[in-house]
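Below you'll find the structure, written out as structure tokens, and then a few comments.
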Amino acid sequence: MLGIIGTIILSPILLFISIAIVLDNGFPVFFIQKRMGQGGKVFSCVKFRTMVRNAANIGTGIFTAKDDPRITHVGRYLRSFLDELPQIFNVIMGNMSIVGPRPSMLYQAKRYDELQARRLLVKPGITGWAQVNGRNTLSWPKKINLDVWYIDHLSFLLDMKIILMTPFTLAKGNVYADVEPDDPISRLDGVANPDALEAK
């Protein structure tokens with residue numbers, strides 16, 4: 001129900017952004033990627049496309065720097081959070097929730113230890129405890145620890161707190177790492193596109 005209400009409220013914004021993307025860089029409007037959700041279920045996660053087509057196979061792959069030339073003009077204004085808005089469709093389909101851990105990339109989820117895998121006990125969210133406590137400034141292990149804490153303290157009041165904190169977090173703008181991630185979970189092992197790691 002919340003997903004449907006959210007879609008109705010957001011529909012003018014979704015339409016405006018869709019038109020802006022097409023005028024700026026053509027189709028497709030959406031970027032769709034396989035992610036792992038609750039119980040290890042793989043689903044198609046939807047975002048607005050903020051980079052040129054086939055960006056994952058160009059340059060630094062999924063690693064995105066602040067001045068990355070693959071980011072489109074409109075995309076630079078969307079990457080703070082607006083690019084995640086189409087995930088309201090994932091909420092409607094039952095793959096995601098408004099609040100929860102961010103959906104895991106498949107290659108990262110396969111590297112989780114027993115503690116880290118606990119973040120897959122709940123549906124992934126559009127916003128979450130890690131997002132309002134550092135977002136991209138956090139390493140993946142730190143994000144996962146915050147997600148596990150959220151699961152251990154899950155409550156309606158905590159969800160409301162996260163929702164209320166989210167606008168203030170977004171006001172700080174997006175943060176880009178200066179170097180490619182090098183932690184045991186998110187390192188790319190010299191592969192630009194993590195889809196290639198799925199065959200390993």
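Which one is nearest to M93 (Cα to Cα), of the residues in the range 113-136 that are modelled with pLDDT under 85 and part of a helix (DSSP H, G or I)?
Among those residues, the one meeting the criterion is R135.
Please go through the range 69-90 and give me each residue that is touching a residue at least 60 places away in the same chain (Cβ under 8 Å) and assigned to a loop (DSSP other than H, G, I, E, B), ordered by number.
R79, S80, F81
Would you confirm, using the coordinates I've provided, whether R118 is more than 18 Å from T7 (Cβ to Cβ), out of contact with any strand residue (DSSP E or B) (no Cβ under 6 Å at 6 or more places or on another chain), among the basic types (K, R) and surrounded by fewer than 21 Cβ atoms within 10 Å (Cβ to Cβ)?
Taking the combined requirement at face value, the residue satisfies it.
Among the listed residues V29, V42, V46, which satisfies the condition of being out of contact with any helix residue (DSSP H, G or I) (no Cβ under 6 Å at 6 or more places or on another chain) and of a type outside the set (G, A, S)?
After applying the criteria, what remains is V42.
Table: residues versus (1) modelled with pLDDT under 90; (2) closer than 30 Å to I8 by Cβ.
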| residue | (1), (2) |
| --- | --- |
| L78 | yes, yes |
| F81 | yes, yes |
| N95 | no, yes |
| V99 | no, yes |
| R111 | yes, no |
| L138 | yes, no |
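From the set of residues in the range 1-19 that are surrounded by 14 or more Cβ atoms within 10 Å (Cβ to Cβ) and modelled with pLDDT of 90 or more, which is nearest to Q87 (Cα to Cα)?
Residue satisfying both the conditions and the ranking: L14.
State yes or no: is G134 over 21 Å from T166 (Cα atoms) and of a type in the set (G, A, S)?
Working: over 21 Å from T166 (Cα atoms): no; of a type in the set (G, A, S): yes.
No, not satisfied.
Looking at (1) buried (at least 22 other Cβ atoms within 10 Å of the Cβ); (2) touching a residue at least 60 places away in the same chain (Cβ under 8 Å), find the lone condition where A56 falls short.
A56 satisfies all of (1) buried (at least 22 other Cβ atoms within 10 Å of the Cβ); (2) touching a residue at least 60 places away in the same chain (Cβ under 8 Å) except (1).
Is one or more of the residues making up the range 31-42 aliphatic (A, V, I, L, M), over 14 Å from P86 (Cα atoms) and either surrounded by fewer than 18 Cβ atoms within 10 Å (Cβ to Cβ) or in contact with a His (Cβ under 7 Å, 6 or more places away or on another chain) (or both)?
The answer is yes; a qualifying residue exists.
Spot the failing condition for V22; the list is (1) assigned to a loop (DSSP other than H, G, I, E, B); (2) over 27 Å from K110 (Cα atoms); (3) hydrophobic (A, V, I, L, M, F, W, C), and only one is missed.
So V22 meets the others, but not (1).
Kindly check whether there is at least one residue in the range 56-66 that is of a type outside the set (D, E, K, R), under 27 Å from I5 (Cβ atoms) and not in a strand (DSSP E or B).
no
Please find, within the range 121-139, the residue that is nearest to C45 (Cα to Cα) out of those that are crowded, with 20+ Cβ neighbours inside 10 Å and in contact with an Asp or Glu (Cβ under 7 Å, 6 or more places away or on another chain).
Filtering first and then ranking leaves I126.
Within the range 141-151, identify whether any single residue is more than 20 Å from I163 (Cβ to Cβ), aliphatic (A, V, I, L, M) and in contact (Cβ under 8 Å) with a residue 40 or more places away in the chain, and answer yes or no.
Within the range 141-151, one or more residues are more than 20 Å from I163 (Cβ to Cβ), aliphatic (A, V, I, L, M) and in contact (Cβ under 8 Å) with a residue 40 or more places away in the chain.
The values are calculated or read from the model by the stated rules, or taken from the named source; none is laboratory data. Only a predicted model underlies this, so the values are computations on that prediction, with no experimental measurement involved. Neighbour counts are summed over all protein chains in view; Cβ atoms, including those assigned to glycine, are modelled from backbone coordinates with ideal geometry.
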